[in-house]
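Chemist: Please find one structure pasted underneath; my questions will follow.
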Amino acid sequence: MTVRVRFAPSPTGYLHIGAARSALFNWLFARKVGGKFLLRIEDTDLQRSTDESTRSIIEGLQWLGLDYDEEVVFQSENAPKHRAAAYRLIEEGKAYRDFTPKEQRDDATVKQGIAERARTQAAEGINHRQNPFRDLSKEESDARAAAGEPFAVRLKVPVEGKTAFTDIVYGPQERSYSEIEDLVLLRSDGHPLYNLSVVIDDIDMGITHVIRGQDHLTNTHKQVLLYQALGAPVPQFAHLPLILAPNKGKLSKRKHGEVVSLTTYRDRGFVPAAFRNFLALLGWSPPEAKELLNKDELIREFSLEGIGRANAVFNFQENDPRRWTDDKALWMNAEYIRTMPMDELLPMVKAELRASKLWREEYDDDERDWLTKTVDLIRQRFFTLKDFSSQGRAYFSDDFDFEEAAVNKNLKKEPRLKELLPALAGELENVEPFTAANVEAALRKFADQSEVKAGLLINGSRTMLTGQAVGPSMFEVFEVLGARKSTERLRSGVPWFDIANELGDI
């Protein structure tokens, strides 16, 4: 038997990270066992479903590297199949037409009273299947339908017995039939409802394993009844623990906004492989205590049995823009940026520099070696790809900002720096070749001659060359920026002097 799994999102908004994790677990399982990973867009909510959301879902999967194996299935196109299945169940006596007027079915007070009576009767062991149309003769039911009387279609849930299945994550599950209402399959307007549509599509697509969020666990009992009524094999189920907010509440689009959107992480400079790795560890643990796993390692180590029952927590700091996401996610992204092969990182840096209008075509040609060396130097302290165009801007442009803290720390302390740094530039003009080692020797000699500590010149140079207080080895910075840029920036003097003057200290 070939394993076939599916990811079935509703295109009513952006791709939620919880849904993205469900897609990832389905994909990993399929790839682990040599099965098929399928995509179904559940677009039956015509008022809320949009093409933009569908594109967002597909782009999100592509960004994560989750390729699907067959044509995308759009659930709305299968509505005729769903209706046909409901009518077949009527013919077989497994479902019935409910002619209850719509206003009564929709009346909240009536529905609440029915539900309360059903619970009371179930507790007392009384058959609560009291819909007056449940046992209507087929002849009368057919006649009323033929006369144009509106009706919904309901499944005839047996009076006695229970549903039972073993969830791969949560173990044996049972539910008495007395706790399950005669679920509606079709509305009176002929619109198929969720449980029917899902089951018919899963049967049609040959789905062998249904891997989805724990919030669908209750639905599964109803769907098992439908599989049995339709005479189809019941797939295996694996329900995933929920992803919660830091306060252990539900992680929701409405409350937490962009924090739960997959596109947020793409647009804020996350490396796809890093975020895929992070998502995989929300609810699943590899056999060995290892956190950084590439795609091949994730596939090799993944198993449904490794999924825990405890809900995962997404530890972002609400109302703190400095911690807009989980600290572990940022740490993991930084580790990927710091250690991933340069041939994988460079295209992403190129895309970021292009988006920020910092890219030069020469980087692809005669300056490719310089670009590789520069990116390798500055990536060690970066957390996202956005850092290359913000914190790393001085390496790709002469138009960069000076951090106030850097000016305060490295330039304001010693007024003589306004003369010392241009003088240092004069010394460095004579350095040949302009390498880190030669620059270091020249700077330290100049410091001795000027009777100042080398650290004063090093820190002052760092701020003049990059606008920052900290960074990579300063002598390596000199080398990648080159003699011309380095000496020009040391001589400029104006930016830090003006900033300091504005602060009232010069």
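The values are calculated or read from the model by the stated rules, or taken from the named source; none is laboratory data. Predicted model, so just to flag it, every value in this text is computed and none were measured. Don't worry about glycine lacking a Cβ; one is built from the backbone with ideal geometry, like all the others, and counts go over all protein chains shown.
Chemist: Answer yes or no as to whether Ser178 is at negative phi, part of a helix (DSSP H, G or I), surrounded by 16 or more Cβ atoms within 10 Å (Cβ to Cβ) and not charged (D, E, K, R).
Modeler: Spelling it out, Ser178 is indeed at negative phi, part of a helix (DSSP H, G or I), surrounded by 16 or more Cβ atoms within 10 Å (Cβ to Cβ) and not charged (D, E, K, R).
Chemist: Here's another thing I want to ask about it. Could you check the range 1-43 and list, in sequence order, the residues that are β-branched (Val, Ile, Thr) and crowded, with 21+ Cβ neighbours inside 10 Å?
Modeler: Scanning the range 1-43 gives Val5, Ile17, Ile41.
Chemist: Out of (1) out of contact with any helix residue (DSSP H, G or I) (no Cβ under 9 Å at 6 or more places or on another chain); (2) acidic (Asp, Glu); (3) not in a loop (DSSP other than H, G, I, E, B), what's the single condition that is false for Glu59?
Modeler: Glu59 satisfies all of (1) out of contact with any helix residue (DSSP H, G or I) (no Cβ under 9 Å at 6 or more places or on another chain); (2) acidic (Asp, Glu); (3) not in a loop (DSSP other than H, G, I, E, B) except (1).
Chemist: Is it the case that some residue within the range 336-344 is surrounded by 18 or more Cβ atoms within 10 Å (Cβ to Cβ), of a type in the set (Asp, Glu) and at pLDDT 95 or above?
Modeler: No, that holds for no residue.
Chemist: On to the next question. Residues Ala351, Ala405: which one is modelled with pLDDT under 95, surrounded by fewer than 16 Cβ atoms within 10 Å (Cβ to Cβ) and of a type in the set (A, V, I, L, M)?
Modeler: Ala405
Chemist: Can you list the helices (runs of 4 or more DSSP H) found entirely within the range 414-506 that contain at least 3 residues being within 18 Å of Glu403 (Cα to Cα) and modelled with pLDDT under 95?
Modeler: Per the criteria, 494-502.
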